Every structure is written in C-alpha cells, then in structure tokens.
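Heads up: the structure comes next, in structure tokens.
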Amino acid sequence: MIYLRKANERGHANHGWLDSWHTFSFANYYDRDFMGFSALRVINEDRVIPGEGFGTHPHKDMEILTYVLEGNIEHKDSMGNKENVPAGEFQIMSAGTGITHSEYNPNSDKGLHFYQIWIMPNTVGITPRYDQRRFDTTVSKQLILSPDARDGSLKVFQDMTLWRWNLKKGEEAQYQAETGRHVWLQVVKGKITINDIIATTSDGVAIANEDMIRFVGDEDSEILLFDLPPVTA
C-alpha cells in the first residue's frame, strides 16, 4: 500500500502571524481518516512572520521534533533551556511528566519556516529532556532519530527511526523495511517518484506492506523517511 497525501489536501489555518498546514487532524482541523499514522500524531508545516511566535504553552507525554528550514527559532522552556535553533538544525524534546515552552521568530525582517512533528512515545511519565543537533548536509543519507541514539543520532522514546535523504536529480535509492513496519515519507523539497507515484514539495507518502521501497529523485530533493512500528489495536 502506497498512499499519496498531497500538500494542498492537508488541513490549513492562516492566523495572520501563523500560516500552518496540518497533515493530520490538529486544533480546529478534524478528519477522521487522518488522525495520525502509526506513532506519528502531528506533522505541521508552519510559517511565522517576523517578531511573532507561540507563547508559553504546556505539553505532556509526547516526543516533539522540530526541523527548521528557514530562519531560526528562539526556544524557552520550563527546564531552564533558552536556545536558538537555526535553519538546518533538528530539535527534540520529550514532554514526559509535563513541560511548558515558547517558540518565537526573533527576527525583525525574516520569516520562519519549520516542521513540527509529534511522535507518541512508547514510555510515558519520563523526566522531560531537550536536545538539538545539526547534521552534515553533504551526506546523502543520515540517521536523525533512533531509540538508542546510535551513530550520532538524536534519541527518541519510540521504536522508530528517522532518516534524512538528500537525492540528486536522477539518483535512485531503496529502503527495505522489516515485515509489518510502516513508513512515512515527507518531501521537504523537490520531486521524487516512488514506483509510479510522483510526490513533490510538502507531499507525504504513507507506505505499508511494502518490503522494498524504491524511489528516484526527479530533481534535487530532500526527504524525511520515518520507519515506524506496526499499528496495534
């Protein structure tokens, strides 16, 4: 099964200071067919105008991943962290027993563009924690998240991995998922073909019961590949 979630079919909310697209049901956007995918609960693509942002708000028992594409985020939280997350960096936060945080665009003349992704943890009630990292963009395939933080990846409290793949135009690649696993591809930029399905910037692709995934960059492209646990009742 390969299902294309087109970018323009996502939920959309424009609040003036925030322009947000929701892959799955979120806030005032509800679609019973898009409540999440395996352990993925939220994939929001957000743009924030200069000098604006999200005020202090709470989270609990959720793995929250932020990937900044343009601009930078000023982050503050109840753990005492005050950090700057520039374009190209990933930030991971375990809400665990409960945290509050704020996220702002500190620039006066530059917009902020980022993905925020919520992953349901397989362990609840953990001590909240924070980490961020920049990965080498010259490497074609990189491990970003893993449950054991192997090979320099960020730790996530879930049986999953996240890979960032940079494909040159015409480059072919393949990924073999273990039996029963689910895969979500998010196209950050560019255009790729998966079997006979073409996905472009901001599209998502849900994949299940496909042992071998083959894809090609129809142009220079960047994708995020989530290898996720089987869905349980």
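Each peptide in 113-122, 144-153 receives the mean, over its residues, of other Cβ atoms within 10 Å, and ordering these scores from highest gives 113-122, 144-153. The orientation-averaged projection of the convex hull spanning the C-alpha atoms of the chain amounts to 12.5 square nanometres. Using the alpha carbons alone, the radius of gyration of the range 138-233 stands to its Kirkwood radius in an Rg to Rh ratio of 0.96.
Placing dummy labels 7 Å off each Cα toward the beta-carbon, the span from SER78 to LYS168 is 4.9 nm.
Counting other Cβ atoms within 10 Å, keep those with at most 14, restrict to DSSP loop, and tell me which GluC sites (Glu not before Pro) in the range 103-202 are left.
Taking the range 103-202 and a limit of 14 other Cβ atoms within 10 Å, the loop GluC sites (Glu not before Pro) found are GLU178.
Using a probe of 1.4 Å on the protein chains alone, the accessible area found for MET212 is around 50 Å². Note on PHE135 and ASN195: the model spin-label points, each 7 Å out from Cα along the C-beta direction, lie 2.6 nm apart.
Listed values for the range 89-100 are Karplus-derived 3J(HN,Hα) couplings in whole Hz (6.51 cos²θ - 1.76 cosθ + 1.60, θ = phi - 60°), namely 9, 10, 10, 10, 9, 9, 6, x, 5, x, 9, 10, and x replaces Gly and Pro. Give me the net charge for the shell around VAL85: Cβ to Cβ below 15 angstrom, other residues only, Lys and Arg +1, Asp and Glu -1. Result for the local shell: -3. For chymotrypsin sites (Phe, Trp or Tyr not before Pro), the sites in the range 13-92 that DSSP calls loop and that have at most 13 other Cβ atoms within 10 Å are TYR30.
Sequence-ordered 3J(HN,Hα) estimates for the range 131-141 from the Karplus curve with 6.51, -1.76 and 1.60 and θ = phi - 60° stand at 7, 8, 7, 9, 10, 5, 6, 7, 8, 5, 10 Hz, glycine and proline given as x. Take the Kirkwood radius over Cα pairs of the range 179-230, plug it into Stokes-Einstein at 10 °C and 1.306 mPa s, and you get 143 µm²/s for translational diffusion.
Ordering of 161-167, 82-88 by packing is 161-167, 82-88, highest average first (other Cβ atoms within 10 Å, averaged per residue). Here the range 41-137 is described by how far its Cα atoms reach on the three principal axes: 40, 29, 22 Å, from widest to narrowest. Summing charges over neighbours of ILE117, with a neighbour being any other residue whose Cβ is under 13 Å away from its Cβ, gives -1 when K and R count +1 and D and E count -1. Couplings 3J(HN,Hα) of the range 44-49, computed from phi: 10, 9, 10, 10, 10, 6 Hz, in residue order, whole Hz [Karplus 6.51 cos²θ - 1.76 cosθ + 1.60, θ = phi - 60°; x for Gly and Pro]. The label point for LYS60 and the one for THR179, both projected 7 Å from the Cα toward the Cβ, are 4.0 nm apart.
The values are calculated or read from the model by the stated rules, or taken from the named source; none is laboratory data. None of the values given here were measured: they were computed from a predicted structure. Backbone-built Cβ (ideal geometry, glycine too); neighbour counts: all protein chains shown. Note: areas computed on protein heavy atoms with side chains; ligands, DNA, RNA excluded. Shrake-Rupley method; radii C 1.70, N 1.55, O 1.52, S 1.80 Å.
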